[in-house]
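Student: If you scroll down you'll find the structure; I have some questions about it.
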Amino acid sequence: MGQGVTARRVVLTGATGFVGSAVLRELRGRRAGDRSDAAASRTVVRTVGRRPAAEADGEWFAADLADPASLRGACEGADVLLHLAASLSPDESECAAVNVAGTEALMAEAVRAGVGRIVHLSTAAVYGPGPHRGAAIGELDPAPVSAASRTRLAAERPALAAGATVLRPGLIVGPGDRWVVAALAELVERVPARWDGGRGLLSMVGVTDLARLVTDLAARPAPGAGEVFHASHPVPVRNRDLMAVLAGHGVLPGVERDLGWAECVRRLEEVPGRVSERQFALLASDHWYRSEEVWTTAGCRPGPGPLVRIGEAARWYRSHLAALRSG
């Protein structure tokens with residue numbers, strides 16, 4: 001670096017996870033791919049976690065969100081904090097330790113260190129059971145039902161108090177998705193039909209597009225600081241279109257008949273499996289939220305949409321599902 005040039009330091013939690021690893025790749029790609037962008041080329045990424053991320057080539061700060069004392073100094077000298085880590089455990093105490101106490105401690109460190117920009121990842125699951133049809137932020141009261149969603153909602157409070165931009169994405173798809181399409185695969189085996197005619201509208205976002213959004217928010221002075229945004233693609237996806245795309249790419253089998261919702265639930269109960277009726281409803285019935293505002297705020301194009309991103313990830317999904325079946 002030339003004399004007088006100061007590196008921009010980004011602290012990233014969750015770098016070994018689904019969304020965090022995509023954000024890490026986006027940060028690296030911008031730094032390597034656009035030498036004309038001085039800010040991007042001078043970015044240093046400090047990953048914070050129990051183990052270093054395989055793709056990280058910056059700094060690693062060894063810490064555990066479940067151990068608040070270990071976070072001391074994690075944000076020292078940083079300009080940006082991207083807090084993307086969370087526990088999805090069914091255990092309430094584990095989720096509380098990581099998602100609530102860990103976030104409180106990390107945000108306190110960010111404030112103490114004078115971090116100027118914070119982006120915090122939450123989830124649209126904080127709204128609980130639907131149907132939800134096109135609600136904007138503030139139009140729907142959160143009603144989380146799982147330990148993970150309850151504690152992620154609670155974690156929003158210290159993040160907002162620290163001035164963070166809080167993002168609530170819906171279903172996230174793409175390479176590394178180990179829940180959405182795997183759950184759909186189980187459900188189509190248990191209930192081989194177009195569920196309620198496939199009419200359900202879903203808020204979804206490709207993980208690479210979400211990574212671009214997070215990175216663009218991090219690069220701007222402070223758009224949306226202290227605010228909550230829905231962070232899905234602005235155009236919801238109809239369930240029957242989602243299932244048709246997955247079938248067209250050979251990820252899931254195609255189905256030819258429609259079943260009403262009551263019959264779908266009855267058949268689900270007849271065939272045991274891991275996916276619950278509540279999760280079935282999340283994937284098959286209306287759960288969509290207005291998401292245009294965050295893309296405008298970030299100055300970020302939302303991209304071609306989740307169905308295109310699923311097509312791009314089809315090979316990964318076929319391999320992942322084959323591994324699940326063989327395991």
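The values are calculated or read from the model by the stated rules, or taken from the named source; none is laboratory data. None of the values given here were measured: they were computed from a predicted structure. Because the Cβ atoms are built from the backbone with ideal geometry, glycine has one as well, and the counts that use them run over all protein chains shown. Surface areas here come from the heavy atoms of the whole protein model, side chains and all, with no ligands, DNA or RNA. Shrake-Rupley method; radii C 1.70, N 1.55, O 1.52, S 1.80 Å.
Student: When only C-alpha pairs under 8 Å and at least 6 residues apart count, what is the relative contact order of the chain, in percent?
Tutor: After rounding, I find 18 percent.
Student: Tell me, what is the Rg over Rh of region 81-153, with Rh the Kirkwood radius over Cα pairs?
Tutor: 1.03
Student: Quick one: pull the percent of accessible area on the chain belonging to carbon and sulfur, 1.4 Å probe, ligands and nucleic acids left out.
Tutor: Reported share for carbon and sulfur atoms: 51 percent.
Student: Do the sum for the chain: with -39,500 (n - 2.57) for every DSSP H run of n ≥ 4, divided by all residues, what is the mean residue ellipticity at 222 nm, to the nearest 500 deg cm²/dmol?
Tutor: After summing the helix terms and dividing by residue count, I get -11500 deg cm²/dmol.
Student: Round to the nearest 0.05 the FRET efficiency obtained for Gln279 and Ala161 when R0 = 41 Å and r is the Cβ-Cβ distance.
Tutor: About 0.80, to the nearest 0.05.
Student: Whole-Å semi-axes of region 186-240's equivalent ellipsoid, largest first, each the root of 5 times a Cα gyration tensor eigenvalue?
Tutor: 34, 12, 8
Student: I've got another one for you. Need one number: the % of Cα-Cα pairs in region 109-204 sitting beyond the 24 Å mark.
Tutor: Looking at region 109-204, the distances longer than 24 Å represent 37 percent of pairs.
Student: Let me ask you something else. Cα-based Rg (one decimal) and Dmax (whole number) for region 215-300, in Å?
Tutor: 18.1, 54
Student: Compute the Kirkwood hydrodynamic radius of region 129-276, taking the inverse of the mean of 1/r over all pairs of distinct Cα atoms, and give it in Å to one decimal.
Tutor: 17.4
Student: Report Rg(Cα)/(2.2 N^0.38 Å) for region 272-313, keeping two decimals.
Tutor: Taking N as the residue count of region 272-313, the ratio is 1.64.
Student: Still on this model: Express in % the proportion of alpha carbon pairs of the chain at distances exceeding 30 Å.
Tutor: 34
Student: Sort out for me the Cα centre separation of region 108-139 from region 70-89, rounded to whole Å.
Tutor: Here the two parts' Cα centres lie 16 Å apart.
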